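S.K.: Dropping the structure in here first, questions after.
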Amino acid sequence: MDAVELRSLAGTTDLPTHFAAQYGSPEALSEHLAARRRTPRTGSGGDPSIVALGTSFRLIGAGPGDRDALLAQALWADGLGVPWLRVFDGGREADTGELAEAAAALAWWREERRRCGWTVDLMVETHDSLLDAARLARAAERLPGLGILWDAHHMWRKGGEDPQVTWAAIGDRVVHVHVKDSVAVPSARHPFTYVLPGRGDFPMGPLAETLRRASFRGAVSLEWERLWHPDLPRLEEALEAARTWGV
């Protein structure tokens, strides 16, 4: 793997608390990782870079304390040189009122980022309301310059949109891509069931070809949600299966 994005470690999604307990400060963790790179393990190609930290923050519908939690995560991300913090879109329809709330949250973030001198920035995942190209076009008008984390599976499975159609409309704003696979069989949490890469219906072949033709330079990340779906196979098995996708 060239890179990883981190959403959880040691069974928790509270990465700042976990990092603080293990390393004390962003500087200490940064030095720990630098030392690992200087002395790679035998037979190892070296540690992958960390391209993103996943937060629970929603641009639409953030609750009390969510802004403080985002800033805590940003402190660690910036100290580690991580370029992106994942935030969710939130909301239901991405209508005028919801997008006004998102714009206010983004303006707050940009002021905090400027004040702190951070280089880490937000990318919004197409997760709740931004599930088709038309809604993303409306969002782009109200949220200029905001990078898109394209959850290609969600927009295909939940939004019903062909990934090639979506890419044609939003590709110039995509900075990161999530992929996974599923079958149209209800599960305990969703009207579909996640399966190993290549075992489901997701059109990974056409998507991979689209990204290659576009010379996409961002990360294509296998989002393996075993923390929330403990019946899924282990990550090692998922990574091996994902080789068949050829991304």
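S.K.: Give the number of residues within region 1-22 that are touching a helix residue (DSSP H, G or I) at 6+ places or on another chain (Cβ under 7 Å) and either surrounded by 12 or more Cβ atoms within 10 Å (Cβ to Cβ) or not in a loop (DSSP other than H, G, I, E, B) (or both).
M.R.: 6
S.K.: Considering only residues that are closer than 18 Å to residue 226 by Cβ, of a type outside the set (Gly, Ala, Ser) and in a loop (DSSP other than H, G, I, E, B), look in region 156-192 and name the one that is modelled with the lowest pLDDT.
M.R.: 189
S.K.: I need a count of the residues in region 87-129 that are within 25 Å of residue 6 (Cα to Cα) and not in a helix (DSSP H, G or I).
M.R.: 18
S.K.: Cβ-Cβ under 6 Å, sequence separation 6+ or interchain: first residue in region 223-247 and within 21 Å of residue 12 (Cβ to Cβ), partner small (Gly, Ala, Ser). Which pairs?
M.R.: 224/238; 227/8
S.K.: I've got another one for you. Right, residue 199: out of contact with any His (no Cβ under 6 Å at 6 or more places or on another chain), loosely packed, with under 13 Cβ neighbours inside 10 Å, in a loop (DSSP other than H, G, I, E, B) and of a type in the set (Lys, Arg) or not?
M.R.: Against the criterion (out of contact with any His (no Cβ under 6 Å at 6 or more places or on another chain), loosely packed, with under 13 Cβ neighbours inside 10 Å, in a loop (DSSP other than H, G, I, E, B) and of a type in the set (Lys, Arg)), residue 199 does not qualify.
S.K.: Would you be able to say whether some residue in region 71-83 is in a loop (DSSP other than H, G, I, E, B), more than 24 Å from residue 130 (Cα to Cα), of a type in the set (A, V, I, L, M) and touching a Leu at 6+ places or on another chain (Cβ under 6 Å)?
M.R.: yes
S.K.: If we keep just the residues of region 229-238 that are modelled with pLDDT of 95 or more and surrounded by 13 or more Cβ atoms within 10 Å (Cβ to Cβ), which is nearest to residue 192 (Cα to Cα)?
M.R.: By that ranking, first place goes to 232.
S.K.: Follow-up. Any residue in region 8-22 that is without any contact (Cβ under 8 Å) to a residue 40 or more places away in the chain and more than 20 Å from residue 228 (Cβ to Cβ) sitting within a Cβ distance under 9 Å of a residue that is of a type in the set (Gly, Ala, Ser) and assigned to a loop (DSSP other than H, G, I, E, B)? List the pairs, counting only those 6 or more apart or interchain.
M.R.: Pairs that qualify, where the first residue is without any contact (Cβ under 8 Å) to a residue 40 or more places away in the chain and more than 20 Å from residue 228 (Cβ to Cβ) and the partner is of a type in the set (Gly, Ala, Ser) and assigned to a loop (DSSP other than H, G, I, E, B), are 22/10.
S.K.: Name the single residue that is nearest to residue 149 (Cα to Cα) among those in region 202-247 being part of a loop (DSSP other than H, G, I, E, B) and basic (Lys, Arg).
M.R.: Top of the filtered list is 217.
S.K.: Of everything in region 71-104, what is surrounded by fewer than 19 Cβ atoms within 10 Å (Cβ to Cβ) and either hydroxyl-bearing (Ser, Thr, Tyr) or in contact with a His (Cβ under 6 Å, 6 or more places away or on another chain) (or both)? Give them in sequence order.
M.R.: 96
S.K.: Please go through region 144-170 and pick out each residue that is farther than 18 Å from residue 223 by Cα and either basic (Lys, Arg) or in contact (Cβ under 8 Å) with a residue 60 or more places away in the chain (or both).
M.R.: Listed by number, the list holds a single entry, 147.
S.K.: So for region 128-139 (the condition being under 21 Å from residue 52 (Cβ atoms), more than 17 Å from the chain's Cα centre (by Cα) and touching a residue at least 24 places away in the same chain (Cβ under 8 Å)), does at least one residue qualify?
M.R.: Yes, region 128-139 contains a residue that is under 21 Å from residue 52 (Cβ atoms), more than 17 Å from the chain's Cα centre (by Cα) and touching a residue at least 24 places away in the same chain (Cβ under 8 Å).
S.K.: With the condition kept exactly as written, say whether any residue in region 105-116 is of a type outside the set (Gly, Ala, Ser), closer than 25 Å to residue 159 by Cβ, surrounded by 22 or more Cβ atoms within 10 Å (Cβ to Cβ) and in contact with a strand residue (DSSP E or B) (Cβ under 9 Å, 6 or more places away or on another chain).
M.R.: Within region 105-116, none of the residues are of a type outside the set (Gly, Ala, Ser), closer than 25 Å to residue 159 by Cβ, surrounded by 22 or more Cβ atoms within 10 Å (Cβ to Cβ) and in contact with a strand residue (DSSP E or B) (Cβ under 9 Å, 6 or more places away or on another chain).
S.K.: Please go through region 56-68 and give me each residue that is in contact with a strand residue (DSSP E or B) (Cβ under 7 Å, 6 or more places away or on another chain), touching a residue at least 24 places away in the same chain (Cβ under 8 Å) and surrounded by fewer than 19 Cβ atoms within 10 Å (Cβ to Cβ), ordered by number.
M.R.: 61
S.K.: How many residues are outside any helix (DSSP H, G or I), touching a strand residue (DSSP E or B) at 6+ places or on another chain (Cβ under 8 Å) and within 15 Å of residue 58 (Cβ to Cβ) if we restrict to region 130-153?
M.R.: 5
The values are calculated or read from the model by the stated rules, or taken from the named source; none is laboratory data. All values derive from a computational prediction rather than experimental measurement. Every residue, glycine as well, gets a Cβ built from its backbone with ideal geometry; the counts of neighbours run over all protein chains shown.
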